[in-house]
Every structure is written in C-alpha cells, then in structure tokens.
Amino acid sequence: MLCFFALLVSGIEIVISHPRFYWGEAGNVLTPPLFKLPIPASRSSVSTGYGFVLPDQNGWSRYLHFQSAWVAVLTGLLYAIYGVFTGHFRKNLLPDDLSWRALAKDIANHLRFARPGEAEACSYNVLQRLTYLLVIFVLFPLVIWTGLAMSPAIASVFPSAVAVLGGQQSARTIHFFDSIFLLLFLLVHVVMVCVSGFRS
C-alpha cells in the first residue's frame, strides 16, 4: 500500500511536468497531442493555458517512482510465486460458474450494496474472481511492461517490446490509463471493505 501511494504521488508529479499525451514514438510541445489534461504544468515550455507554472518536482518524483516500482514488482513476484505453489490462483480465483446469470447476479448485488450471505462471505464471487484475475494477470503486468518501455535503456536492448506498444509515447499513454484502472480498483476495494465492515 505504501508503494502504491508513493507511485501515485510521484506519478502525479511526473504527469504535471508534461500533462500532454501522444501516440507513437515521439511527442513534444511541437507535436499535436492525442489529448491533454486541463491542469497547469511544472515547465514553462509546456503551454497549458494557465498564467502560472507549478514548481518542478520532476527529479525526486522520478527517483521515488522508480524505487517504489521495483519494491512493488518484487512484492508482486513473491505473491505470484506464493499463488502458484500454494494453488491460491487455482483454488480461490478461477471462477467455478462463469455463466452470464451468475455474473449478472453478482453485478446486481454489488450495485445494490447487498451484503453477502454467510457461505458467500467465505469465498470470492464470480465478479471478484474475474476482477482479481484481470488485475493480477493483465493490469499489473501491463503497467510494468509500459513503465519499462518508457526507459531508453530498455528500448535500446528490447526495441520490439516498445514497438509492440506503438512506441515510447504510446507506452506512456497506456501506462497512464492502466494506472487509472489500478487506482479505481484500489478505491472500489477500499469502499467495498468499508461497506461490508472492516471486522467482518
């Protein structure tokens, strides 16, 4: 959780230095952006329409982002090893019933904030299992891949890993949206814990 918070804060600071996103290999202030965030930048060379420039925190934020990312990656690897060797993924995350009826029922229960019954509270429902699988095996690997793809060192050693994403600027754009999905997962996670009751 501390790593995630450090990644969030440092990631916001990195985005503030250039709140414009591009698609392809190159992107700069002379390139038309795919989209831009309506926030002030921390660099005077980035035109945002605001009459002021925020303090530039890009240096420490990149170091903190990189260090926190490695701690998160190593923690994730330990979790993955644990999940494989204990059978956690197979026993607790692979859905038993993947029918539309079961999925629709779980979505409806979540939207109504219905509390699970005694038997249901002991295991994950279909929606939870699919969400965990998506986060563990798609979103986290993708955020790591796109993060590494923005590194010039990785791009020079593994250019195909960057090319598959469409270029370094495409990797940055995908990284941004992937991070938003992970943040939403975390926020919904915390809200659901609060709604269901922390003790239970």
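Here are the numbers:
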{"quantity": "Within region 68-102, considering residues that are polar (S, T, N, Q) and without any contact (Cβ under 8 Å) to a residue 40 or more places away in the chain, the one nearest to Tyr132 (Cα to Cα)", "calculated": "Asn92"}
{"quantity": "Filter result for Leu139 (within 25 Å of Pro19 (Cβ to Cβ), open to solvent by less than 70 Å² (accessible area, probe 1.4 Å), touching a residue at least 60 places away in the same chain (Cβ under 8 Å) and of a type outside the set (S, T, N, Q))", "calculated": "no"}
{"quantity": "Residues of region 15-44 that turn out to be among the hydroxyl-bearing types (Ser, Thr, Tyr), closer than 19 Å to Gln168 by Cβ and free of Cβ contacts under 8 Å to residues at least 60 places away in the same chain, as a count", "calculated": "2"}
{"quantity": "Condition check for Tyr63: more than 30 Å from Val195 (Cα to Cα), aromatic (Phe, Trp, Tyr) and under 25 Å from the mean Cα position of the chain (by Cα)", "calculated": "yes"}
{"quantity": "Candidates Thr173, Thr146, filtered to the one that is in a helix (DSSP H, G or I), open to solvent by less than 60 Å² (accessible area, probe 1.4 Å) and in contact with a strand residue (DSSP E or B) (Cβ under 6 Å, 6 or more places away or on another chain)", "calculated": "Thr173"}
{"quantity": "Positions within region 1-60 being open to solvent by 70 Å² or more (accessible area, probe 1.4 Å), among the aromatic types (Phe, Trp, Tyr) and not in a helix (DSSP H, G or I), in sequence order", "calculated": "Trp23, Tyr50, Phe52"}
{"quantity": "Subset of region 85-108 [open to solvent by 100 Å² or more (accessible area, probe 1.4 Å) and over 14 Å from Ser123 (Cβ atoms)]", "calculated": "Phe85, Leu98, Trp100, Arg101, Lys105"}
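The values are calculated or read from the model by the stated rules, or taken from the named source; none is laboratory data. Computed from a prediction, not measured in an experiment: that's the story for all the values here. All Cβ positions, glycine included, derive from the backbone under ideal geometry; neighbour counts span all protein chains shown. Heavy atoms of the whole protein, side chains included, go into the accessibility calculation; ligands, DNA and RNA do not. Shrake-Rupley method; radii C 1.70, N 1.55, O 1.52, S 1.80 Å.
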